[in-house]
Amino acid sequence: MNHLKTVILLAGMTAIFMVVGGAIGGTQGMVIAFVVACAMNLFSYWNSDKMVLRMYGAREVDDHTAPELVAMVRELAHRADLPMPRVYIMDNPQPNAFATGRNPQNAAVAATTGLLNTLSYDEVAGVMAHELAHIKHYDTLTMTITATLAGAISMLANFAFMFSHNRNNNGPGPIATIAMMIFAPLAAMLVQMAISRSREYEADRAGAEICGQPMALAAALARISGAAHLVHNDEAEANPATAHMFIINPLSGARMDNLFSTHPATENRIAALRDLAGRMGGGGSHGSGFGGASSRPAPAGSPQGRWNTSGTTRPPASGTPSGPWGGAGTGGRTGNAGRRPGPWG
């Protein structure tokens, strides 16, 4: 059923693309728009992970540069019966994360330095489990293709406005062009949101079951939501069509659980996780610990580069809490001399 819904929604996005193309260039414009939409779907299928990761300046880490994070993702992937995804860190002070890739065999998870500096170990595990749930359900492919098409539809609508000044007798009039500029991106946005919002609840549920800590994920959502509107995410603001890929909306505003939200209200997601924790009994309480340990920061004296890595990151906005791995804006804790440098080192 999920795959059928995805096909229908993506077909709807392609239809919107064709309508905008037809408004610009008639039948010929519609045909061209259809060909372009198909080409974009195909390109996104093979390159979705590379496109988004490059967009956010994400850097891949491994067992040497971020051993504890990579080990965590490996254990969670094993629990979820998934291949080990590639792991990336984004040099961004806003706490957030996303997953991308066309299938579980070609997937990646990415976390910001803000997330790793702000959340506890168990909370990060809950976030990573949520992203693995998106991979397991093939949400990442759909969400990336939809983001690509939504951005392209908005671009075509702007072209329609520019072309209207040089139209011939068969072209759209000024009123039709203005209406197209308004309603085509709106329609694309509504389809994009329909894909995103219905799947966030399911990824929360599955992610909580993977990590075994519904309340750790709930606490992570509360922390991320509380900080996201305080810390500006320049890359997300420049690419708003990708906002639905993150675990919490990275854009300023958009906090209401209505038709125009890219994510369900955080309060509603936390309530659902609280209900799940009640059904899971003692295993759902926050603090029993992912992997058998308590929710914790890194052990004192552990080498820098376990969570994130050495090097300077952008400082967070005023009021952003310091994280367990060495304070806001440091990109990690002060470490031992002679340690292996991270990707920023």
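The values are calculated or read from the model by the stated rules, or taken from the named source; none is laboratory data. Source: prediction; values computed, not measured. Reconstructed Cβ throughout: ideal geometry from the backbone, glycine too, with neighbour counts over all protein chains shown.
Among (1) crowded, with 24+ Cβ neighbours inside 10 Å; (2) out of contact with any strand residue (DSSP E or B) (no Cβ under 6 Å at 6 or more places or on another chain); (3) modelled with pLDDT of 95 or more; (4) within 24 Å of residue 234 (Cα to Cα), there is one condition residue 91 misses while meeting the rest; what is its number?
All conditions pass for residue 91, except number (1).
Take the residues in region 102-126 that are free of Cβ contacts under 8 Å to residues at least 40 places away in the same chain and outside any helix (DSSP H, G or I); name whichever of them is nearest to residue 222 (Cα to Cα). Give the steps one after another, and end with the answer.
Restricting attention to region 102-126, the residues satisfying the condition of being free of Cβ contacts under 8 Å to residues at least 40 places away in the same chain are 103-105, 109, 112.
With the extra rule that they be outside any helix (DSSP H, G or I), the set shrinks to 103, 109, 112.
Working: 103: 29, 109: 20, 112: 16 Å.
Only one residue tops the list, namely 112.
List every residue pair whose Cβ atoms lie under 8 Å apart, where the two residues are 6 or more positions apart in sequence or sit on different chains, the first residue falls within region 84-95 and is free of Cβ contacts under 8 Å to residues at least 60 places away in the same chain and more than 11 Å from residue 53 (Cβ to Cβ), and the second residue, located anywhere, is crowded, with 24+ Cβ neighbours inside 10 Å and of a type in the set (S, T, N, Q).
Correct list of pairs: empty, since none qualify.
Quick one: would you say residue 17 is over 21 Å from residue 102 (Cβ atoms) and in contact (Cβ under 8 Å) with a residue 12 or more places away in the chain?
Working: over 21 Å from residue 102 (Cβ atoms): no; in contact (Cβ under 8 Å) with a residue 12 or more places away in the chain: yes.
No.
Output the residues belonging to region 244-262 that are at pLDDT 85 or above and surrounded by fewer than 24 Cβ atoms within 10 Å (Cβ to Cβ). Don't jump to the end; show me each part of the working.
Narrowing region 244-262 to residues at pLDDT 85 or above: 245-251.
If the condition is that a residue be at pLDDT 85 or above and surrounded by fewer than 24 Cβ atoms within 10 Å (Cβ to Cβ), then 251 is the only one that fits.
For the structure I just gave you, tell me whether residue 129 is at pLDDT 95 or above, assigned to a helix (DSSP H, G or I), crowded, with 24+ Cβ neighbours inside 10 Å and not charged (D, E, K, R). Lay out the reasoning, then the answer.
Numbers: at pLDDT 95 or above: yes; assigned to a helix (DSSP H, G or I): yes; crowded, with 24+ Cβ neighbours inside 10 Å: yes; not charged (D, E, K, R): yes.
It is true that residue 129 is at pLDDT 95 or above, assigned to a helix (DSSP H, G or I), crowded, with 24+ Cβ neighbours inside 10 Å and not charged (D, E, K, R).
In region 60-72, what residues are crowded, with 16+ Cβ neighbours inside 10 Å and either in contact with a His (Cβ under 6 Å, 6 or more places away or on another chain) or in contact (Cβ under 8 Å) with a residue 60 or more places away in the chain (or both)?
Going residue by residue through region 60-72, those that are crowded, with 16+ Cβ neighbours inside 10 Å are 61, 65-70, 72.
Residues satisfying the conditions are 61, 65, 66, 67, 68, 69, 72.
Restricting attention to region 53-71, report how many residues are of a type outside the set (D, E, K, R) and touching a helix residue (DSSP H, G or I) at 6+ places or on another chain (Cβ under 6 Å).
1
In region 78-88, which residues are in a loop (DSSP other than H, G, I, E, B) and surrounded by 20 or more Cβ atoms within 10 Å (Cβ to Cβ)? Walk me through it before giving the result.
Within region 78-88, the first condition is being in a loop (DSSP other than H, G, I, E, B), and the residues that meet it are 80-85.
85 - this is the single residue of region 78-88 that is in a loop (DSSP other than H, G, I, E, B) and surrounded by 20 or more Cβ atoms within 10 Å (Cβ to Cβ).
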